[in-house]
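This report refers to the structure that appears directly beneath it.
The values are calculated or read from the model by the stated rules, or taken from the named source; none is laboratory data. Model, not experiment: these values are computed from the prediction. Backbone-built Cβ (ideal geometry, glycine too); neighbour counts: all protein chains shown. The protein model used for the area step is the full one, side chains on, heavy atoms only, and it has no ligands, DNA or RNA in it. Shrake-Rupley method; radii C 1.70, N 1.55, O 1.52, S 1.80 Å.
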Amino acid sequence: MNYNLCILTGTQIAFNRMKPLLAPARLEQSTSLGPIRWWSSLPHDWQRDYLASLWLLVLCVGIYWPGLPGVFLLDDRPAIAENPGVQGTASIWNVISNSSRPVADLSFRFNSQITGLTPSGLRAGNILIHLMCGMCLYFIILLAFKVWRQSRQLPGTSEDVDRAVALVAATLFIVHPIQTAAVTYVVQRHESLMALWFLLGLYCVLRGELSSTSRLWWQVAAVGCALLSLLTKQVGITFGPVCFLLVCGLTTAHWRSLWSGLLLPRATLWLGLAAVTGYGLYTAIPASAPPKPIVSSLSSAASVLDPNSKLAQTTKQPLAISEQLANNNTSAGFGYRSITPIEYAQSQPAIVLHYLGLICWPRSLCFDYGWPVARTFRDALPGIVGMVVLLVGIISVSMRWPWCGWLAAMGTIVLLPSSSILPIRDLAFEHRVYLPMASFCVMVGLFVVQLYQIERLRSVLPIVLGVIVFALATRTFVRQYDYRTETGMWQLVTQQRPENIRAWHNFAEAMHRAGRPDAAIEPFRTARTLSRVAVPNPPIERLQAAEIANGLGSALLELRQVEPALAAFDEAASYNCLIPVLPHNRGNCLAILGRIDEAIDAYALATMLMPQDARVQIDWGNLLVADGHPQEALPLFNRAIALQPTAAAPFLGRGQAYVTMEAFDLAARDFIAALERLPANSPERDGVTQWLNAYRQGLSQGLFGKPTTSQGAP
């Protein structure tokens, strides 16, 4: 007995001494099972929320990844690729103080610093924002159900219904094809990022409703999100009314408790949102814009030119039109005079009905509608009748299900800034439905749950819903390929909207940029024909017509059809809306035709309009060299070299001028510099190399005199 006790005691002592040695092995074993134990330790609700988020992540990435290799389209270039605030050349404070949408511009800037200023990197950021919007909508719906039950002191029911509504709504929001316009179209991060701040603000409001200790901080966070939403895009001004409707519908059971139950306990929230709304209204009032650089340049040109010359006479009208453009350079707001508020308002019912049709059946999505303005009440009557029928239907349904009218009202409020009486140059764009789509998705989720209560539909409804989600996801997936090429997108738009002038113009420009000027001629001519019919009095429409004619002339000039090109440039000038590149193009035509004096006048005007464009200096200098005035051409080439020191063309031009002046040593120096800058496959390399070899051979034979020390060299 004592022997056994001794053995047990010794074993216990040995085990205690070996404990530190065995601990790492047990730690390694527990670590290998860590994720499983962590998952099993989570509450069941958290597990379902994680799985829902993973589902949304897989959906979002899976259907949007084909759009990553796409290109910049339409407003992407001026708003992103050519924006100094996004490129990083302007300071952050300059972006904040001068941009109308500073939060979006800063997001593009930080995104480009991480991924580079490429369409794929920026689209990846848009996809992430879209995913976060879908997740925010999911959790907002869950919180809304909790607030609704808590405020009405209802007994707790199964949360499976809440999560079913939230998951259906978030899934539809993620996969619906109409959302592509705010995700794959890069610049419309303005819309999706605004929606993200908007939804985060609503999330903070609902979290505050469920918290008694930290309600004030959640309300402050909601006001901050509202301000960020407004600074991302002006549609964020609707956050206050939507928030009021949301809180009122969830917490106020009777209108008599509006003051004591809704307004007074949330005074901080309402005061903050009132301040944000007031700031938004204040910034929406257009200030007097400073004149555009083109106006001062034209004024300088008119003062320098001989007042009796034909060029000076033809500059007076473009100067007046350009001043009018500078004073009316807005494309939205009551200062936009191409469309009156009444015309814009009576055009919107048909557009809203079109949006609803795309939401229900997204078969024919269009990147740029070019929607015609309903100038008369007769043109607007079908849309108005349809809108009245729709409103009657919503009211009828709301009498049975009040939440339907409540959700429709919130979606309508968000859509009001772009679809009411505030004129915008583009009457219809699909990205404007991005945030209102959330109301529709919640409505569908609630209807699905209502239908699921019917016993005979329970086995069929999940299958039908799965087929719908699969069809929408497939349509979104296929839509991404339309954004792959610029020419493909604009060709599709011209097929969908053959009366869209801008679509034909952009299609032609895309073909020209792709190195196919021959294929650009017909689209340019189609756009010109449409613009001749549709151009009204407003100067901004004349500018579009002038740009079309100028683009046609540029394509014809590249094809060496000089006479038709000059006729197109003259037509562009006839609109009395001079664009900066037009005198340069006319100068090139006139130089080829041998009209030297007119070409020099055109180059002089182009230099005043585009003083930082080295191409004008080079072409002007080459003309002077060909006309036997190389000494006058040297300052132009020197200026071009200062503007583009890495380009070969100004060195080639100055070298040719030195050859004409028989300053062969200076010419050789410039030709050597040009060779260092020319691409390896450039056809000009052979001619320059042959000249240099001949020069070296002649130099070795003593055919040239002493080196030239001063012949206008810089």
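Accessible surface calculations at 1.4 Å, restricted to protein heavy atoms, place the stretch 533-661 at 38 Å² per residue.
For the stretch 159-267, the spherically averaged projection of the C-alpha convex hull amounts to 8.2 nm². Kirkwood hydrodynamic radius of the stretch 44-140, from the reciprocal of the average inverse Cα-Cα distance over all distinct pairs: 15.0 Å.
Here the calculated FRET efficiency for residue 693 and residue 65, from their Cβ-Cβ distance with R0 = 41 Å, stands at 0.15, rounded to the nearest 0.05. Remark: the stretch 619-699 is approximated by an ellipsoid whose semi-axes, taken from the C-alpha gyration tensor as √(5λ), come to 19, 16, 10 Å, largest first. Computed over protein heavy atoms with a 1.4 angstrom probe, the accessible surface ordering of 395, 174, largest first, is 395, 174.
Note on the stretch 539-666: Cα Rg divided by 2.2 N^0.38 Å, N the number of residues, gives 1.11.
Would you mind estimating how fast the stretch 468-582 diffuses translationally, via Stokes-Einstein at 10 °C and 1.306 mPa s with the Kirkwood radius over Cα pairs, in µm²/s? D, rounded to a whole number, is 105 µm²/s.
Summary of the geometry: the stretch 607-657 and the stretch 207-247, compared by the centres of their Cα atoms, lie 58 Å apart. In the assembled protein chains, residue 209 presents an accessible area of approximately 20 Å² (probe radius 1.4 Å).
Give, to the nearest whole percent, the P(r) tail of the stretch 401-515 beyond 25 angstrom, counting all Cα pairs.
I get 50 percent for the Cα pairs in the stretch 401-515 exceeding 25 Å.
Carbon-plus-sulfur accessible fraction, the stretch 515-629 (probe radius 1.4 Å, protein heavy atoms only): 50%. Amide H contacts for residue 374 (H built 1.01 Å from N in the peptide plane; partners 5 or more residues away or on another chain; cut-off under 5 Å): 347.
A probe of 1.4 angstrom, applied to the heavy atoms of all protein chains, finds residue 367 with accessible area near 10 square angstrom.
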